[in-house]
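**Student:** Pasting a structure here, questions to come.
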């Protein structure tokens, strides 16, 4: 019996053939520097289409604006088969994109060792420099791609090349706190002493980041602390870092300067507080260590103790004169830090000592400790402690939001319940006259919207622009289920804002097709003109949402 032909298969093949013919024809009709069909198929990994275009004479090294060539694009999207085809077809391997990056830079940044090996085997320049003088090795270290970095080193990458900012690959690895990468670079001969343009060495970066294991690696590799080429980093720093009481005593007995160091990485007391050895902290303070000394970021030992949760050390520092209102470079006091890091016991202790000025202090983003706790899941106990101390629940942050707005925006239901128990107005307005319900609607927080409505939030409250809850959903991250919910609660589907815009017009402007379809199915008026004479259709077209414009026309919108 003859096998029957599948008619659908034939149609599919015809369509694919026509599609390829279209690509071949269109690939020669484009504006120079824009994305061509060849760029598109390489980016998407369509090997068959790419091969057809190459065989028909497409320009293989055509630039796609600042994105580079098809080889750049296929590397960026991890299309190994296309990369192989391009290399076999003669693609120029070291062409540069708008940032002077070669394909090897791109793949080093993306972290694909298989494609990196292809490029290296094809003799890609391992020392190529970007416009920031970064080599591929810099980018692999910056992104933490160990396998690619190892491969680059095997193919001869140099470890001592500096960027425009004076940073070596080791600087990048230390900044990340990547112990494995640091070890690899050290084995390959990376020097630890070169300083970048801001004066920071790799070792100093490890100090500033609190990456103790990396610091230990450096010290061991250099044969001890005295061999370190670091100005101001003493044996006392080292002993405090290691938590070795005997060595701390030895250092102090030999007249070590107890407040030695520099502002870049702080005093020995900073290191002792980070390490958490109470005896060492106590000894340093007895020998005259400054309890409120600060480093380059104005971080004090008390900030560090609160961050790490070392309660007894924090208690000791306060007894010795550390200030609760000391501010780091982000204007955060120790209470801010303890709240952020969820150090409940430390927060409880600080609140016993703190005045209202500390409890309601504003950081650089105008966040109070209560704002910080409300924007994070699992901080309910801290929120409760702050509210017991009558933390200000009406203060605005830099976005003009109160703590209740922040909790609503972040979807933090437990925080909302605690805040509402204080008797705060559920419809409290922020600086833009938005209510917490507006904040939840804007972010698409269905559970929070339900919670607030159940507790009496007004669904028709207006913000400064006349937006109601339904407008916020249509112009934010909401979806059709949230629109459905708010309509069930009594929202008007055709309500106007201060500019005469309906929810449908807002959804068309913001390009939310699912909400647009739902509103149309629910009978939203299409031919409404806002104060500027615009309709839902004109707004969709103006914002470039062609599929929404087509949908509106299906439902009878006038052209």
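**Student:** May I ask you to say which residue of 373, 384, 361 is touching a residue at least 40 places away in the same chain (Cβ under 8 Å) and under 27 Å from residue 439 (Cβ atoms)? Before the answer, list the steps.
**Tutor:** Working: 384 fails: touching a residue at least 40 places away in the same chain (Cβ under 8 Å); 361 fails: touching a residue at least 40 places away in the same chain (Cβ under 8 Å).
That would be 373, the only listed residue that is touching a residue at least 40 places away in the same chain (Cβ under 8 Å) and under 27 Å from residue 439 (Cβ atoms).
**Student:** Which pairs do you get when a residue that is farther than 17 Å from residue 128 by Cβ, found in region 78-107, comes within reach of a residue that is assigned to a loop (DSSP other than H, G, I, E, B), reach meaning Cβ atoms under 7 angstrom, with the pair 6+ apart or on two chains?
**Tutor:** Once the first residue is farther than 17 Å from residue 128 by Cβ and sits in region 78-107, its partners that are assigned to a loop (DSSP other than H, G, I, E, B) give 78/112; 79/45; 81/45; 82/45; 86/60; 89/60; 90/60.
**Student:** Picking from 296, 304, which residue would you name as being in a loop (DSSP other than H, G, I, E, B) and either at negative phi or more than 31 Å from the chain's Cα centre (by Cα) (or both)? I'd like the intermediate steps shown before the answer.
**Tutor:** On the way: 304 fails: in a loop (DSSP other than H, G, I, E, B).
Going through 296, 304 in turn, the sole match is 296.
**Student:** While we're looking at this one, here's another question. Residue 290 - would you say it is touching a residue at least 12 places away in the same chain (Cβ under 8 Å), surrounded by fewer than 16 Cβ atoms within 10 Å (Cβ to Cβ) and in a loop (DSSP other than H, G, I, E, B)?
**Tutor:** No, not satisfied.
**Student:** Let me ask something else about it. Being part of a helix (DSSP H, G or I) and either at negative phi or within 24 Å of the chain's Cα centre (by Cα) (or both) is true for just one of 284, 362. Which residue is that?
**Tutor:** Only one candidate qualifies: 284.
**Student:** Against the conditions (1) within 31 Å of the chain's Cα centre (by Cα); (2) within 14 Å of residue 41 (Cα to Cα); (3) modelled with pLDDT under 95; (4) buried (at least 21 other Cβ atoms within 10 Å of the Cβ), where does residue 77 fall short? Just the number, please.
**Tutor:** The failed condition is (4).
The values are calculated or read from the model by the stated rules, or taken from the named source; none is laboratory data. Just so it is clear, the structure is predicted and the values come from calculations on it, not from any experiment. Please note: Cβ atoms are built from the backbone with ideal geometry, for glycine as well, and neighbour counts cover all protein chains shown.
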